[in-house]
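Okay, so here's the structure we're looking at.
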Amino acid sequence: MSFGLTRWASAVAASAALVAPLAAQRWETKYFYDEGKSGLVFLDLAFPSAQRGVAVGFITDGKREEPVSLVTSDSGEHWQRLPLPEMPVSLFFLNENLGWLVTTKGLWRTTETGKNWVKLPKPPAEILRVSFLDEKNGWAVGARKSMLETHDGAQHWKPVVAAAGPPGDPLYSAYTWIAFANPDAALITGWNIPQRRWGNEAPDWMDPASALLHSDLPHLNYTLSTHDGGKTWTSRSASLFGEVERVRLLPDGRGLGLTVYSQGFYYPSEVYRLNWHTGRNVSIYKTPDFAVSDVWLAPNGTAYLAGTGVQGKLRDVVPGKVRVMASTDYIQWKAMDVDYRAEAHRTILAAVDEDNMWIATDMGMILKLAPAKAK
């Protein structure tokens, strides 16, 4: 055997060794809300450590919505349900204890992994997400091209001037995601989607026939990047289809990006491999029958895609079976074993490492990745 064939065989064997453990793991249900005629919608999930986690959302019976959180201190084996004072939007945790909760009315802080929440001064803009480097220094992003920074633990905020730079009416613009690769490098994503020219319309689920006629049109997608720990930010915009909903970055330059498309687009979503050193990206996964709603990139480079199987043309109306795909080379994708009862419109991934990963669904279920049971 030549040296070239030997090296090729070794590479194949190494790839097979990495893929095999993926096939031997299973997503098992750790929490399932099943109470009468009401439902639980999870909006965000965070695990700052392998033992402690927080899920936030609301219970609804079709007439009212009750904000709630679930907390665990034993890796999701048991969950305690607690009321929330306001409707949650997103979570961010700096460490096992210290975290922040964005709500529709402001910002809250916990020092006990979600068991207590203290309201902070209201930011001077409608925010959707926060990220902190330490207890004092953080950033918030949200509607109308809002981007704020704080250096005193969210007691005071000031706007980041670069965020207003991209073109587009602020009324139809928002920054929605913050991803730090390390204390110096970060990427913020957002969009500008002009109002439909035919005015206000009923939601897609109320008028399915009309929704199917709406073709996705290109619109502006925004990025803000920093390489000096947030001292300066560079803004860019590009006309693209879909919205960038997730970005996951590793310190060495690798990353994943998730773009989600409208109901009328052939593909529900598309996943990209990113290089935040060079700014280049390459499409690595898209298929019409799997709507990816979250991605995660393990430190060893393994990519995980979580979402649902597409049940019909109106993807947001009919729930689908929860699906998870994984790959070590971004070419061959392995479908992982998932509890057959898990259905959702959207899924949320949270992970500490390859051995501690969870998924929350918008239909009241939390799953954890575990080794497959012996048959």
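The values are calculated or read from the model by the stated rules, or taken from the named source; none is laboratory data. Since the structure is predicted, the reported quantities are computational estimates derived from the model, not experimental observations. Reconstructed Cβ throughout: ideal geometry from the backbone, glycine too, with neighbour counts over all protein chains shown.
Quick rundown of the values:
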quantity	calculated
Of all residues making up the stretch 276-331, the number that are outside any loop (DSSP other than H, G, I, E, B), free of Cβ contacts under 8 Å to residues at least 24 places away in the same chain and not small (G, A, S)	3
Residue list for the stretch 289-327, filter: at pLDDT below 95 and among the polar types (S, T, N, Q)	N300, Q311
Subset tally (residues that are assigned to a loop (DSSP other than H, G, I, E, B) and either farther than 25 Å from L369 by Cα or of a type in the set (G, A, S) (or both)) for the stretch 61-97	11
The stretch 20-49, residues that are in a strand (DSSP E or B), in contact with a Gly (Cβ under 9 Å, 6 or more places away or on another chain) and either surrounded by 21 or more Cβ atoms within 10 Å (Cβ to Cβ) or not β-branched (V, I, T) (or both)	K30, Y31, F32, G39, L40, F42, L43, D44, L45, A46
Checklist (1) in contact with a Lys or Arg (Cβ under 7 Å, 6 or more places away or on another chain); (2) outside any loop (DSSP other than H, G, I, E, B) applied to F58, failing item	(1)
Those residues of the stretch 144-187 which are part of a strand (DSSP E or B), among the small types (G, A, S) and within 20 Å of K119 (Cβ to Cβ), in sequence order	S146
Condition met for A351 (at pLDDT below 95, under 20 Å from A46 (Cβ atoms), surrounded by fewer than 22 Cβ atoms within 10 Å (Cβ to Cβ) and of a type in the set (G, A, S))	no
Residue count for the stretch 50-78, restricted to those that are surrounded by 19 or more Cβ atoms within 10 Å (Cβ to Cβ) and either of a type in the set (D, E, K, R) or within 18 Å of A350 (Cα to Cα) (or both)	11
Matching residues, the stretch 54-74, being of a type outside the set (A, V, I, L, M, F, W, C) and in contact with a strand residue (DSSP E or B) (Cβ under 7 Å, 6 or more places away or on another chain)	G57, T60, E65, E66, P67, S69, T72
Condition broken by K136, with the remaining ones in (1) more than 29 Å from T223 (Cα to Cα); (2) free of Cβ contacts under 8 Å to residues at least 24 places away in the same chain; (3) not in a strand (DSSP E or B) satisfied	(1)
Options N221, N281, N300; residue that is touching a Lys or Arg at 6+ places or on another chain (Cβ under 8 Å) and not basic (K, R)	N281
Selection within the stretch 294-343 - over 24 Å from P251 (Cβ atoms) and of a type in the set (D, E, K, R)	K313, R315, D316, K321, R323, K334, D337, D339, R341, E343
